[in-house]
Amino acid sequence: MGYEPTSVRNEYGTPAAIPRGRLSQWLEHFPFKLMTNAADDETSATDPQTRHDRAENRRAKLYQEIGEFMFVHDLDLTPLNFGLAYDYVTGNDRAIEQAVRAIIMEKGKLTNGQAETILAETQKDELTPEAMTEMLDSVEANFAQLSELVKQSQHEANHYGTALQAQVKDLSVSEMAEPVMGRLISLTRSMIDKSRAVEAQMRESHNQTRLLKKNLDHARKAAEQDHLTGLPNRRAFEATLREAALRAQGNGKALSIAFCDIDHFKQVNDVHGHDVGDRILKFVGTLLSDISNDTCHVARHGGEEFVMLFEGQTTAAACEIVDAARIDLSSRTLVNKTTGERLDKVSFSAGIADVAAYEDARAALRAADAAMYDAKTDGRNRVYIAAA
């Protein structure tokens with residue numbers, strides 16, 4: 001078929017040296033190290049430690065870039081600011097990246113106040129813990145109201161029955177029959193009015209419950225969907241992964257996971273702009289989603305990364321499916337709709353791992369990620385299977 005994905009990779013290329021910045025000395029206090037070309041020359045390609053070092057090297061570089069960003073802009077060390085820096089540096093959140101870039105170009109520096117404004121603006125449509133708490137409180141209050149209405153109806157029915165029995169006794173006395181009938185009619189009318197009032201309240205409560213359910217369903221979908229591609233997001237995929245791993249343990253069927261990353265995506269954004277980058281993300285998402293079915297799950301993991309889960313498929317079978325998608329993508333001719341300019345070939349690299357070969361599903365995902373980086377190191381536009 002003209003591809004190399006079935007070769008299990010035990011060899012690793014030389015990672016690029018990381019520029020030493022202001023945080024380099026600080027990072028050296030941690031157990032990982034910033035690898036240099038000289039150190040790489042001394043490391044054998046078959047050294048088992050190389051793979052671990054390369055993964056730590058990538059993490060160290062990311063920590064350094066995030067730290068440099070926060071240091072340069074003198075941002076407070078808060079989880080929210082760290083998240084904003086991560087989204088900006090990695091391009092994980094397009095809206096945050098654009099907003100930060102615009103402020104830097106205009107003002108030259110980002111302040112804590114501006115960071116807070118950006119986060120508030122970009123997260124206004126997201127389901128916040130406060131919004132979820134408010135909805136749940138409404139649900140709880142609605143159920144309490146329904147419970148109270150039921151109790152009220154029971155009380156009124158008991159009261160009506162007791163009063164009715166008391167009046168019925170007097171019907172046997174002929175001279176009291178007429179006034180008793182009047183009181184019975186009055187009791188019945190009162191009960192009808194109260195029943196109608198309770199019915200109206202219960203109908204309103206039912207409508208509120210239905211609206212709350214709709215809002216909760218919408219919030220759940222929004223919380224688990226990538227807004228750009230329409231695919232499930234990382235949160236939804238991790239839930240699917242946990243469930244699939246449990247099923248595979250129970251039925252003994254194969255379970256394979258793939259990690260895909262668009263090649264040179266930052267260069268696409270830098271050269272053609274983020275609008276073109278977004279269209280490419282949508283296109284790749286659509287191409288991969290065409291593969292999905294009840295046993296193949298596709299999601300956007302973040303940035304230009306996509307993940308796929310294959311239930312009942314070995315790594316070799318999953319590799320053929322992913323590689324067919326890779327060949328399809330790399331053979332396409334894509335054009336910038338705004339300028340009419342033909343884009344450079346768009347491709348992705350991918351790594352695949354057998355979930356059963358690792359201690360847990362997340363470890364398998366990390367193995368697939370590492371295999372994907374091996375594919376990038378060896379030239380990109382290829383699919384590798386992780387060595388178990």
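The values are calculated or read from the model by the stated rules, or taken from the named source; none is laboratory data. The structure presented is a predicted model; accordingly, all values stated were derived computationally and were not measured. Virtual Cβ from ideal backbone geometry, glycine too; neighbours counted across all protein chains shown. Areas reflect the complete protein model, heavy atoms only, side chains present, ligands, DNA and RNA absent. Shrake-Rupley method; radii C 1.70, N 1.55, O 1.52, S 1.80 Å.
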query: Regarding residue 354, is this residue open to solvent by 50 Å² or more (accessible area, probe 1.4 Å) and closer than 17 Å to residue 260 by Cα?
result: yes
- prompt: Among the residues of the stretch 65-85, is there at least one that is closer than 18 Å to residue 227 by Cβ, assigned to a loop (DSSP other than H, G, I, E, B) and at pLDDT below 90?
  reply: no
- request: Give the number of residues within the stretch 240-276 that are of a type in the set (Phe, Trp, Tyr) and part of a helix (DSSP H, G or I).
  value: 1
- request: Could you please let me know if residue 197 is at pLDDT 70 or above, touching an Asp or Glu at 6+ places or on another chain (Cβ under 9 Å), assigned to a helix (DSSP H, G or I) and surrounded by 12 or more Cβ atoms within 10 Å (Cβ to Cβ)?
  value: no
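Residue-by-condition table, conditions (1) in a helix (DSSP H, G or I); (2) without any contact (Cβ under 8 Å) to a residue 40 or more places away in the chain:
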site: 318; (1), (2): yes, no
site: 321; (1), (2): yes, yes
site: 324; (1), (2): yes, yes
site: 333; (1), (2): no, yes
site: 340; (1), (2): no, yes
site: 351; (1), (2): no, no
message: Restricting to the stretch 331-344, give me the number of residues that are aliphatic (A, V, I, L, M) and either over 29 Å from residue 296 (Cβ atoms) or modelled with pLDDT of 95 or more (or both).
response: 1
- request: Please find, among 111, 50, 133, 117, the residue that is open to solvent by 40 Å² or more (accessible area, probe 1.4 Å) and either under 30 Å from residue 207 (Cβ atoms) or at pLDDT below 75 (or both).
  value: 133
statement: Scanning the stretch 289-330 residue by residue, those under 25 Å from residue 276 (Cα atoms), open to solvent by 30 Å² or more (accessible area, probe 1.4 Å) and either among the charged types (D, E, K, R) or at pLDDT below 95 (or both) turn out to be 289, 290, 291, 292, 304, 305, 328
field: Residue tally, condition open to solvent by less than 10 Å² (accessible area, probe 1.4 Å) and either assigned to a loop (DSSP other than H, G, I, E, B) or under 17 Å from residue 356 (Cβ atoms) (or both), over the stretch 228-239
entry: 0
- request: Show the residue pairs that are 6+ apart or on different chains and have beta-carbon atoms under 6 Å apart, the first residue being within the stretch 246-263 and closer than 18 Å to residue 299 by Cα, the second being of a type outside the set (Asp, Glu) and surrounded by fewer than 18 Cβ atoms within 10 Å (Cβ to Cβ).
  value: 263/380
Filter result for residue 222 (small (Gly, Ala, Ser) and either more than 21 Å from residue 367 (Cα to Cα) or in a helix (DSSP H, G or I) (or both)): yes
task: Collect the residues in the stretch 371-388 that are more than 25 Å from residue 356 (Cα to Cα) and either touching a helix residue (DSSP H, G or I) at 6+ places or on another chain (Cβ under 7 Å) or without any contact (Cβ under 8 Å) to a residue 60 or more places away in the chain (or both), keeping them in residue-number order.
output: 379, 381
Check on residue 283, open to solvent by 10 Å² or more (accessible area, probe 1.4 Å) and under 20 Å from the mean Cα position of the chain (by Cα): yes
- request: Pull up the stretch 357-368, narrow it to residues that are surrounded by fewer than 20 Cβ atoms within 10 Å (Cβ to Cβ) and within 20 Å of the chain's Cα centre (by Cα), then point me to the one that is farthest from residue 261 (Cα to Cα).
  value: 360
task: Kindly check whether there is at least one residue in the stretch 84-104 that is of a type outside the set (A, V, I, L, M), more than 25 Å from the chain's Cα centre (by Cα) and surrounded by 17 or more Cβ atoms within 10 Å (Cβ to Cβ).
output: no
- prompt: In this structure, is residue 273 within 20 Å of residue 383 (Cα to Cα) and modelled with pLDDT under 95?
  reply: no
